[in-house]
Every structure is written in structure tokens, then in C-alpha cells.
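Every read-out reported here was derived from the displayed coordinates using simple, explicitly stated rules and does not represent laboratory data. Computed from a predicted structure; not experimentally measured. Ideal geometry is used to build each Cβ from the backbone, glycine not excepted, and the neighbour counts take in all protein chains shown.
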Amino acid sequence: MSHTSSSYNKSETNKVLTKILFICMGNICRSPCAEAVMQSLVKRQGMEKEIDCDSAGTIDYHRGNPADSRMQKHASLRGYDLNSISRPFENNDFELFDWIITMDEDNYQQIKWLDQNNNYSGKIRRMTDFCKTARVQEVPDPYYGGNQGFENVLDLLEDACKGLLEFVSSKNHES
């Protein structure tokens, strides 16, 4: 994905491209998984020219690394390919993306803090705001847990991505 294109690109069908950036701490577990789950839903709906996804982290410790092998394994069992490479959030991401979706409260607060002048507050949302069935406050970091933690992340992201897709689709039809 190119990070130099403008936030709004017209496709040949004259539809607006909505760009979504998923954020977690290291960009190796939750956010690349959210990116893959959302891309899968978008593809199933034939909306690839309407919605584009990427992911980033609030730290750059894992910059250049693929997703955690355990997250890749669990995602693969459900048919998701985690092929993104870790990168940190950059200030120009505020301009490049229409929605910045965070996995937990710490990520949310860090991104809000980077938006010192509150210019982008309407773009920054919590992933769990879009859950359809789960009633949780955040997508927990599975990094230090066992297999069930990765499965739980996938369950939450599948739920939330369905809601996010409905939200973005309704916003796209308003414009």
C-alpha cells in the first residue's frame, strides 16, 4: 500500500476510497490481524476499490518485522493471511487515513496525545466500539498469553470488523 496517495481517491466507479489504519502497540499481533480480517471482509463484499486497510504500532520496536508467528498461525487456521510488516504510526497518517482504529485504551490515549491540536479527533476510534455481540472495552494484547489469547483476539476482531464494515459502508453511502 502506498502511503503517499491522498486520503480521498476516486476509483473508476466514482466511489470514494475509505482508508482505515488499525493501531496496536507493536504492530505484530492485534493490528495486523485486524487489517487481515477487515481486508478479508472487504474482499468478500467486493469492496476492494472502496475500502483500503493498513496497520501500525505506537512503538517502533518491531519495525520491519512480520506479524508474530503465533498470531499468524491462529489467523491462518481461520483463513487469514497476515502479510503486513510492522511500522510505527507517523504523524502524516492523520492526513492519509479516514479512520484510525485503536485496539486498547493505551493505544487510544497515545494517538489522541499525538493529535495535540485535536484536529483529527473525529477519526480516532476504539476497535471495540464496533463490536456487534461482544461487550468488552478493549482487544487484549495476546503477546504474553497462551493460545486462547490469540483465539480471543480473533473472535473480537471478527465481531468488530463486521460492525466497522457496516459503519464505513453507511458513511460511504452518505457521501
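The set of residues in region 21-44 being over 11 Å from the mean Cα position of the chain (by Cα) and among the small types (Gly, Ala, Ser) consists of Gly26, Ser40. Would you check if there is a residue in region 131-144 being basic (Lys, Arg), touching a strand residue (DSSP E or B) at 6+ places or on another chain (Cβ under 8 Å) and either over 15 Å from Pro32 (Cα atoms) or assigned to a helix (DSSP H, G or I) (or both)? Checked against the condition, which is being basic (Lys, Arg), touching a strand residue (DSSP E or B) at 6+ places or on another chain (Cβ under 8 Å) and either over 15 Å from Pro32 (Cα atoms) or assigned to a helix (DSSP H, G or I) (or both), region 131-144 yields no hits at all. Within region 67-105, the set of residues being over 28 Å from Ser121 (Cα atoms) and either surrounded by fewer than 18 Cβ atoms within 10 Å (Cβ to Cβ) or of a type in the set (Phe, Trp, Tyr) (or both) comprises Ser69, Arg70, Lys73, Ser76, Leu77, Arg78, Gly79, Tyr80, Asp81, Asn83.
Taking Leu165, is it under 16 Å from Cys24 (Cβ atoms), part of a helix (DSSP H, G or I) and in contact with a helix residue (DSSP H, G or I) (Cβ under 9 Å, 6 or more places away or on another chain)?
Spelling it out, it is not the case that Leu165 is under 16 Å from Cys24 (Cβ atoms), part of a helix (DSSP H, G or I) and in contact with a helix residue (DSSP H, G or I) (Cβ under 9 Å, 6 or more places away or on another chain).
Is one or more of the residues making up region 146-169 charged (D, E, K, R) and in contact with a strand residue (DSSP E or B) (Cβ under 7 Å, 6 or more places away or on another chain)? Lay out the reasoning, then the answer.
As a first pass, look at region 146-169 and keep what is charged (D, E, K, R): 151, 155, 158-159, 162, 166.
Still in the list and also in contact with a strand residue (DSSP E or B) (Cβ under 7 Å, 6 or more places away or on another chain): none.
Among the residues of region 146-169, not one is charged (D, E, K, R) and in contact with a strand residue (DSSP E or B) (Cβ under 7 Å, 6 or more places away or on another chain), which makes the answer no.
I need every pair where a residue in region 149-175 that is under 13 Å from Phe22 (Cβ atoms) has its Cβ under 7 Å from the Cβ of a residue that is assigned to a helix (DSSP H, G or I) and basic (Lys, Arg), sequence separation at least 6 or different chains. Hits for this filter: Val153/Arg30.
Inclusion of Asp115 among residues that are under 16 Å from the mean Cα position of the chain (by Cα) and of a type in the set (D, E, K, R) is not warranted. Of all residues in region 12-66, those satisfying the criterion of being free of Cβ contacts under 8 Å to residues at least 40 places away in the same chain, assigned to a loop (DSSP other than H, G, I, E, B) and either of a type in the set (A, V, I, L, M) or surrounded by 22 or more Cβ atoms within 10 Å (Cβ to Cβ) (or both) are Leu17, Ile59. Within the option set Ser76, Ser86, being within 16 Å of the chain's Cα centre (by Cα) and under 30 Å from Gly146 (Cα atoms) holds for one residue only, Ser86. Would you confirm whether any residue within region 101-120 is in contact (Cβ under 8 Å) with a residue 12 or more places away in the chain, within 18 Å of Gln39 (Cα to Cα) and not in a loop (DSSP other than H, G, I, E, B)? Within region 101-120, one or more residues are in contact (Cβ under 8 Å) with a residue 12 or more places away in the chain, within 18 Å of Gln39 (Cα to Cα) and not in a loop (DSSP other than H, G, I, E, B).
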